[in-house]
Amino acid sequence: MRTTVGIIGAGPAGLLLARLLHRAGIDSVVLESRDRGHVEHRQRAGILEQGTADVLRAAGAGERMDREGLRHDGIELRFDRRRHRVDLPALTGGRSVMVYAQTEVCKDLIALQLKEGGPLLFEAEALAVEGAAGDRPRIPFRHQGREDVLECDYAVGCDGFWGVARRAFPAALSRVFERTYPYAWLGVLADVPPSHGELVYARHERGFALLSMRSPSVSRLYLQVPPGTDTAEWPDDAIWTELGRRLETDDDWRLERGPITQKSVTPMRSFVHEPMRHGRLFLAGDAAHIVPPTGAKGLNLAVGDVVTLARALVHERRTGSPDLLGTYSATCLRRVWQAERFSCDMTTMLHPAPDGTPLDARLQRARLERIASSRAAETDLAEAYTGFPLG
Ligand SMILES: Cc1cc2nc3c(=O)[nH]c(=O)nc-3n(C[C@H](O)[C@H](O)[C@H](O)COP(=O)(O)OP(=O)(O)OC[C@H]3O[C@@H](n4cnc5c(N)ncnc54)[C@H](O)[C@@H]3O)c2cc1C
């Protein structure tokens, strides 16, 4: 099998890259190890920066998002039983975010790819990337029990944190920066209208809690738990009781309960692999970097990477110049490190660490007080939350 751009992984990064290349007349093949149902139902991100929503619209993939997505103009910080609303457009010259689940972004992009784009093979597992430093990378893969090879001009690893593409970088070239946080998130999906119209980020001495939503009738809620927690340790009643405690305020706000339809535990990690390019192999999205989900940046970073890469590939096709491919890694990493900083700041401000001291607790409160009382500090948060410019 032969193509111009061989893409490993049909998460948001791989699917959007294939779509952008198709619109520019560049052919690609996408290999995805899991089946379609798995990719379309894996619960993950839900907040799209304004720039991400704009990119999806420009790619012809925004129609359902604009119909069913929820535009949000603010988030709420809760601490000491008090509430502070951050007005995003007022602080950023009109920018907002969109609540539209990653599952839905993937469904929209898969439908478009199967209808109009190049091959998208499910249950096709890439086994390696070979010859990245040469002229013609090869991706051996296994599809429906048969082994085959995808030959391409460029290979792109959009295969997430556990993928194979990163392993093709020579050890002497790779630099890894990593931190694992001493807590995890227990996430639940519940068939109940959200108890608040906007996302609520709560710091409580018992731990962090997040009230979020997928639609006007489905809530997405998270609790800080110890790493390695088993969902079986958390019966539904215990989850609602704990959410109620951590989100409680001094006014008459109440948490609505409903049937919990899904539970999962997510570890919290900061991770960056530098560089994001080796010869004709490029990394994009979670394959190159992970942020703790508190800043809602992972999916948005993946989108930023593939927009930068598609632009560089189109530039090379139209002008013959590899300049933008040469600067791909540096361009992406500037944005990645800003998102890493913001995600780490939000995480460490809102999660009491298990070995945290009373001093740490006071400092977290002071950081929250600063945001609640200084327009400059609040603007810094709002600018980062609504998104860094695409490189
Ligand atoms: C609980 C949770 C909440 C989150 N909340 C947010 C949020 O609110 N906002 C936000 O922006 N981000 C959020 N994120 C992060 C976001 O989901 C990820 O950053 C995003 O999925 C990255 O997309 P990706 O395409 O790079 O990788 P992935 O979505 O991981 O896709 C990689 C794909 O590659 C496939 N693959 C792997 N190995 C191979 C192989 N060898 N061959 C073929 N295919 C392979 C995988 O099956 C997968 O489909 C959250 C994540 C979690 C876990």
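Here is how the numbers come out for the structure above:
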{"read-out": "Given (1) modelled with pLDDT of 95 or more; (2) within 11 Å of the ligand (Cβ to nearest atom); (3) under 30 Å from H204 (Cα atoms), index of the condition L88 fails", "value": "(2)"}
{"read-out": "Evaluation of M213 against (1) under 20 Å from G295 (Cβ atoms); (2) more than 14 Å from the ligand (Cβ to nearest atom) (one fails), failing number", "value": "(2)"}
{"read-out": "Residue satisfying all of: in the range 263-291; farther than 25 Å from T4 by Cα and among the small types (G, A, S); modelled with the lowest pLDDT among these", "value": "S264"}
{"read-out": "Only listed residue being touching a residue at least 12 places away in the same chain (Cβ under 8 Å), surrounded by fewer than 17 Cβ atoms within 10 Å (Cβ to Cβ) and of a type outside the set (S, T, N, Q), chosen from H22, H84", "value": "H84"}
{"read-out": "Total residues in the range 270-300, condition near the ligand (Cβ under 7 Å from one of its atoms), closer than 25 Å to C152 by Cα and of a type outside the set (G, A, S)", "value": "1"}
{"read-out": "Residue within the range 230-239 that is within 16 Å of the ligand (Cβ to nearest atom) and among the hydrophobic types (A, V, I, L, M, F, W, C) present", "value": "yes"}
{"read-out": "Matching entry among R246, R254 (being buried (at least 17 other Cβ atoms within 10 Å of the Cβ) and over 13 Å from the mean Cα position of the chain (by Cα))", "value": "R246"}
{"read-out": "Yes/no for R335 being more than 28 Å from F208 (Cα to Cα), more than 9 Å from the ligand (Cβ to nearest atom), of a type in the set (D, E, K, R) and over 11 Å from the mean Cα position of the chain (by Cα)", "value": "no"}
{"read-out": "Strands (runs of 3 or more DSSP E) completely within the range 26-82 that count 3 or more residues being more than 16 Å from the ligand (Cβ to nearest atom)", "value": "74-79"}
{"read-out": "Per-region count, the range 1-25, residues under 19 Å from the mean Cα position of the chain (by Cα) and part of a strand (DSSP E or B)", "value": "2"}
{"read-out": "Number of positions in the range 321-346 that are touching a residue at least 40 places away in the same chain (Cβ under 8 Å) and β-branched (V, I, T)", "value": "2"}
{"read-out": "Selected residue [in the same structural domain as H196 (by TED's automatic domain parsing), assigned to a loop (DSSP other than H, G, I, E, B) and of a type in the set (S, T, Y)] from T229, T241", "value": "T229"}
{"read-out": "Residues (part of a helix (DSSP H, G or I) and touching a His at 6+ places or on another chain (Cβ under 9 Å)) located in the range 303-326", "value": "D305, D323, L324, L325"}
{"read-out": "Cβ-Cβ under 6 Å pairs, at least 6 apart or on other chains, the range 39-55 side under 15 Å from D305 (Cα atoms), far side near the ligand (Cβ under 7 Å from one of its atoms)", "value": "E49/N300; T52/N300"}
{"read-out": "Qualifying residue in the range 303-320 (condition: among the hydroxyl-bearing types (S, T, Y) and free of Cβ contacts under 8 Å to residues at least 60 places away in the same chain)", "value": "yes"}
{"read-out": "In the range 137-193, residue farthest from V39 (Cα to Cα) [restricted to those that are without any contact (Cβ under 8 Å) to a residue 60 or more places away in the chain and under 26 Å from the mean Cα position of the chain (by Cα)]", "value": "R167"}
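The values are calculated or read from the model by the stated rules, or taken from the named source; none is laboratory data. For clarity, every value in this text was computed on a predicted model and none was experimentally measured. No Cβ is skipped: glycine too gets one built from the backbone with ideal geometry, and neighbour counts run over all protein chains shown.
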